[in-house]
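Each reported figure results from applying straightforward, stated rules to the coordinates on display, with no laboratory input. The structure presented is a predicted model; accordingly, all values stated were derived computationally and were not measured. All Cβ positions, even for glycine, are placed from backbone atoms using ideal geometry, and neighbour counts span all protein chains on display.
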Amino acid sequence: MANKKLAEYLFDRIQDAGVDCTFGIPGDFVLPIYAAQQKTNLKTVVMTHEPSVGYAADAYARLRGLGIALVTYGAGGLNMINPVGLAYAEESPVLVISGSPETRYRSQKPHLHHCVKTFDTQFNVFKEVTESQALLDNPVTAQAEIDRVFSTTIKESRPGYLEIPRDMVNYDIPVEEPAAPCSMESETPATEEAVNEIIERLKSASKPVLFAGAEVRRFKLQDKLVAFVQALNLPVVTSILGKASFPESHPNFIGNYFGQFGNPKVKEYVESSDCIISIGTVLTEMETAGYTAKLPIENLIQATAREVVIGHHSYHGVDLKSVVETLIQKCTAKVKPTMRFEIPSIEEEALVISPDAKQLSVAAMIEDLNGLLNSHYSVVSDVGDCLYAGLSLRTDIFIAPGYYSSMGFGVPAGIGAYLADPDRRPIILVGDGGFQMTGMEMSTAVKLGINPIIIVFNNASYAMLKFIDQQRDYYDLARWDYAGLAKAVGGDGIQATTREEFKKALDIARDSKGLFLIDAVISSEDISPTLKRLTDHFGAKVRAALAS
């Protein structure tokens, strides 16, 4: 057994997990941790506001398998709660590391700056939005606590929280060889039983479909899922949160399933299937299109990270990776000839573009973006019609808060996505409401030399809320000079009010070397078919509530 400084051991664990940068904002209680990080090979990415720290770390985690946020106590940590809540809801492995007051102060009244109620207030709040937590105030247990939180964060793909008093950062702690990382995989007799039942269902099916969700990407099962699909020639749809969890260029991909809000032809095919194999899709309100999805339990197989449910049979503690791997093993050449299915031909839902329209439209923007997209780009979307119209984009990386639906995600998440995968230039789709929350992180992108293409859906309103409710003056937004703001922080930008101007702007953006923003001015009445169906559904609920 050897000794290491607590921070040294912590940053060794971070680097061993394949992380090459952290996101944060310095503050006095976390300064010793920042100083310790400077002695490592980790890059320190300083954002302008803690919510942006959380969104950037979340996007990085979705692509790399772990994202790190470094924040100060109280004013910094509590400012992170919403993005960490998003990461928990959408199963993203973000590890929050917060500084805190010295251990010697904790026996006194909590009258230090940044304190709220007690010294444990922040810790207790984070318990509600993280899977595991530890206060590292004991050198004897520090390594075990760090290892436990790391293991849980990665295994469960949900946020963790470490709080480090200032006087513990450089404390020598006893260190043993850490245990091997705890993986998700845990094959049990129930795994084989569940898989055998799935295969029996498939053997009797005439029209099966695979419904892929976000957990496929969270647990790095994309290649394995492709192998399973190809073994049986299964048609595949993805959920809204799971968009691009299966390659959309693959011939077996037939569309995104979003219940009554999505493509009606995809809806009809899925809901008439006699064997719906849901892999990594947690059937939340948004994944089931406001619970309007009609997935008959007698035809539904649900395999998630923590259980398999087949009809009325439940297999608890059966993990997703083992299920997918066992399915592949059992779909051998001996089995395949009896189970080869046909892929239906389903047309993409047409986005209606008026040839005579002078003003730029959402449909035209999506069509032109599809002409640009290739493997050199990733797509990061905020909430609103940029997300719902964006479901029609053909891309193999699409990152968005499709379930928790927190505005402000787009621009900072684009920074995180680039740092996780620098070979892909981010295309960031963001409404003007979301941009006005966190869009000034453009300055962080410029500072770091990152070159996203940012497209602001500028309709001068909280359009989604307006269509759910009705026109009210508090849904109106000022039309900022978004292109001017991009130039003010060292990037470039241009405004587009017609389709021709938008096409030219895309050409300029494609060839630009730095950050480029397109201020896409659209009508406040112009929304995609998907958003129209969604707002009609939720609008009925709002009107019923207003009338009660």
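As a rough guide to protection, the peptides 67-79, 536-548 ranked by mean Cβ packing within 10 Å, highest first, stand as 67-79, 536-548. Once C-alpha pairs closer than 8 Å and six or more residues apart are averaged by separation and normalised to the residue number of the chain, the relative contact order reads 12 percent. For the range 189-338, the dipole from Cβ point charges (+1 on Lys and Arg, -1 on Asp and Glu) about the Cα centre works out to 400 debye, to the nearest 20. Placing a pseudo-label 7 Å from each Cα along the Cα-to-Cβ vector at residue 44 and residue 471 gives an inter-label distance of 5.2 nm. Annotation: amide H-H contacts under 5 Å for residue 212 (H modelled 1.01 Å from N, sequence separation of 5 or more, or interchain): 237, 238, 239, 279. Any chance you could check the Cα centroid distance between the range 227-254 and the range 26-70 for me, in angstrom? About 34 Å separates the Cα centre of the range 227-254 from the one of the range 26-70. Annotation: amide H of residue 457 within the under-5 Å range of 430, 431, 432, sequence separation 5 or more or interchain, hydrogens built in the peptide plane.
So for the range 399-541, averaging the separation of alpha carbon pairs under 8 Å that are six or more residues apart and normalising by length, what relative contact order in percent results? Don't jump to the answer; show the numbers that get you there.
Numbers: 227 pairs, mean separation 34.5, N = 143.
For the range 399-541, the relative contact order is 24 percent.
Bridgeable aspartates and glutamates around residue 330 (alpha carbons under 15 Å apart, same-chain partners fewer than 8 residues away excluded): 187, 192, 193, 197, 200.
Toward the positive end of the charge dipole of the chain, with +1 on the Cβ of Lys and Arg and -1 on the Cβ of Asp and Glu, the farthest Cα among 293, 126, 55 is that of 55.
Here the Karplus curve 6.51 cos²θ - 1.76 cosθ + 1.60, taken at θ = phi - 60°, turns the phi angles of the range 423-434 into couplings of 6, 10, 7, x, 9, 9, 9, 8, x, 5, x, x Hz, with x standing for Gly and Pro. Rounded to the nearest whole Hz, the Karplus-based 3J(HN,Hα) values (6.51 cos²θ - 1.76 cosθ + 1.60, θ = phi - 60°) of the range 232-240 follow the sequence 10, 6, 7, x, 10, 10, 10, 7, 5, with x at glycine and proline.
Between the alpha-carbon centres of the range 464-507 and the range 80-135 there is a gap of 37 Å. Using alpha carbons only, how many angstrom separate the centre of the range 417-437 from the centre of the range 369-397? The range 417-437 and the range 369-397 have Cα centres separated by 11 Å.
What ranking, highest mean first, results for peptides 307-320, 235-248, 519-532, 49-62 when packing means the other Cβ atoms within 10 Å averaged over each residue?
49-62, 235-248, 519-532, 307-320
Quick one: putting +1 on the C-beta of Lys and Arg, -1 on the C-beta of Asp and Glu, what dipole do you get for the range 2-175 around its Cα centre, in Debye to the nearest 20? Here the range 2-175 has a charge dipole of around 180 debye. Database remark: amide H of residue 100 closer than 5 angstrom to the amide H of 164, 166 (H placed geometrically; neighbours at sequence offset of 5 or more, or on other chains; Pro and chain starts carry no H). Averaged over residues, the count of other Cβ atoms within 10 Å places the peptides 108-118, 397-407, 123-133 in the sequence 397-407, 123-133, 108-118, highest first. Pairs of Lys residues in the range 2-175 that lie 8 or more places apart, or on two chains, and have C-alpha atoms under 16 angstrom apart add up to 4.
Note that the range 76-81 has calculated 3J(HN,Hα) couplings of x, x, 5, 6, 9, 4 Hz, one per residue in order, obtained from phi through the Karplus relation 6.51 cos²θ - 1.76 cosθ + 1.60 (θ = phi - 60°); glycine and proline are x. Give the lysines reachable from residue 487 as a straight Cα distance under 16 Å; neighbours fewer than 8 places away on the same chain don't count. Filter leaves 447, 513.
About its Cα centre, the chain has a charge dipole of approximately 160 debye under the convention of +1 per Lys or Arg Cβ and -1 per Asp or Glu Cβ, with nothing else charged.
Calculated from DSSP H runs of 4 or more alone, at -39500 (n - 2.57) each and per residue, what is the 222 nm mean residue ellipticity of the chain, nearest 500?
Taking each H run of at least 4 residues, the total per residue is -10500 deg cm²/dmol.
For a straight C-alpha distance cut-off of 18 angstrom, the lysines reachable from residue 541 (same-chain residues fewer than eight places away being disregarded) are 466, 532. May I ask which residue of 404, 30, 195 lies farthest towards the positive end of the charge dipole of the chain, with charges of +1 (Lys, Arg) and -1 (Asp, Glu) on Cβ and the Cα centre as origin? So the residue furthest toward the plus end is 30.
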